[in-house]
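What follows is one structure encoded as structure tokens, with my remarks underneath.
What follows draws every value from the coordinates through simple rules; no lab data is involved. Keep in mind the model is a prediction, meaning the values are calculated, not measured. So basically every Cβ, Gly included, is an ideal-geometry build from the backbone, and we count neighbours across all protein chains shown.
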Amino acid sequence: MSSIFGEFLNFDYLHFNRVCNGANNKWVWFPKSKNHKLTSMVYTHFNNSVGNHDTWNGWGNLWRLFVAPRPKHFIWLLLHNGIKTYEYLYRLNLGAQTFCKFCNLDFENAEHLFNSCPKTQIVWQQVSNAIGKQIVFHEGFSTGNWLSPDHPEYDLNVQSIIGVTSWLIWKTRCNLIFRQESPDFQSIPIRAINHVREFSQSSNFNSSKQLILSNFSINDGPYLFVASTSHREANTHGAGFHLTNGYSQFVCAGYCNNFAESTLEAKSLALLIALGSLHASDLQVKTIFIACSELFNIIKHGCDPQAWRLNPLILSINDYLSSFDLPRVCIIPKAWMNVANNLAIHGVNSHALTLFHQGKDLPRWLMKQVLKSGISL
Ligand SMILES: [Zn+2]
């Protein structure tokens, strides 16, 4: 083994994990394995192994930031050098060295993208102006020094804003490369500050349970959730939907039943009815959540020949979407839209469209559902 690994072979470390060289050749872990899941045990064991201590106190601080889970995970990955920049892919031999798409002046790596790029520098300057504190990364951005709880200049609020800003820079970069969206650097500082304000002031919410608060910002609202459910009787389906604004407040909801020959047709009808109701009530929508990837693909790319019957339906849906200025359509698991699902179940037996509006009396079951899912009335 020494001849293969040379000086990289660390016998002390290997001996720390006891290896049973018996006939069955099983690994025997040093800690007791009783009542523990294997993955968590291995993780804990190696994290506490000799020489493997990561004592940097910034990690603990990261989870205290006033930001959504997604940016937190992004920062964690970034500080572990795991963001898939062009340089990262080049190191893994998965692509060529490529210039930064923002400035075209230097190769793209994390330090350039989040610190030295001229476009990013402007963003940091605007953030500095907006919060009245100069943000400069003397020791580099990807070292993570700015996240240290002992940092003399940045408190948790500023650290949160820095974290979200870097996440928005990354999103802007990815949207430019993968969606050809031209970068809107101007909006980043205000979006970052709003995001942190939202999270620092929402302690009364159970934010981890809220899809909207955790992964979208106020600017993405209002949100429309649409669900459809099938009845035991053939061809009868229930449709349910509700609209929530960017502050997680209830705006309107509705249900009805409809007759359709396939579940896809029923789901399309549910979306059409929801959009039609919003249009009739003069309401706006910016993000739509549905649970059906098939419907999503048809809206995006048109019907395949087998689904030609749905063509007029999809055309009407697209007409409505255009009239709402093309809201973003997202697919989420059905379990994440309990309110819309319950409305759809009620819809199965309802022959007329029933609508509920903000400020009007809601049935008790609906009020309970709405409040339970983190939406305020
Ligand atoms: Zn650049």
Task: Kirkwood Rh and Cα Rg combined as Rg over Rh, evaluated for the stretch 58-201 - done: 0.95
TODO: Would you compute, for the Cα atoms of the stretch 54-138, the largest minus smallest coordinate along each principal axis and list the three values in descending order, in whole Å?
DONE: 37, 33, 23
- [ ] Would you work out the charge dipole size for the stretch 58-201 about its Cα centre, treating the Cβ of every Lys and Arg as +1 and the Cβ of every Asp and Glu as -1, and quote it to the nearest 20 debye?
- [x] 440
Task: Ranked by how many other beta carbons lie within 10 Å on average, peptides 287-295, 360-368, 118-126 from highest - done: 287-295, 118-126, 360-368
Open item on the list: Calculate the FRET efficiency for residue 262 and residue 355 from the Cβ-Cβ distance with a Förster distance of 35 Å, rounded to the nearest 0.05.
Closed with: 0.85
Task: Two-site label geometry, residue 122 and residue 293: point separation in nm, points 7 Å out along Cα→Cβ - done: 3.9
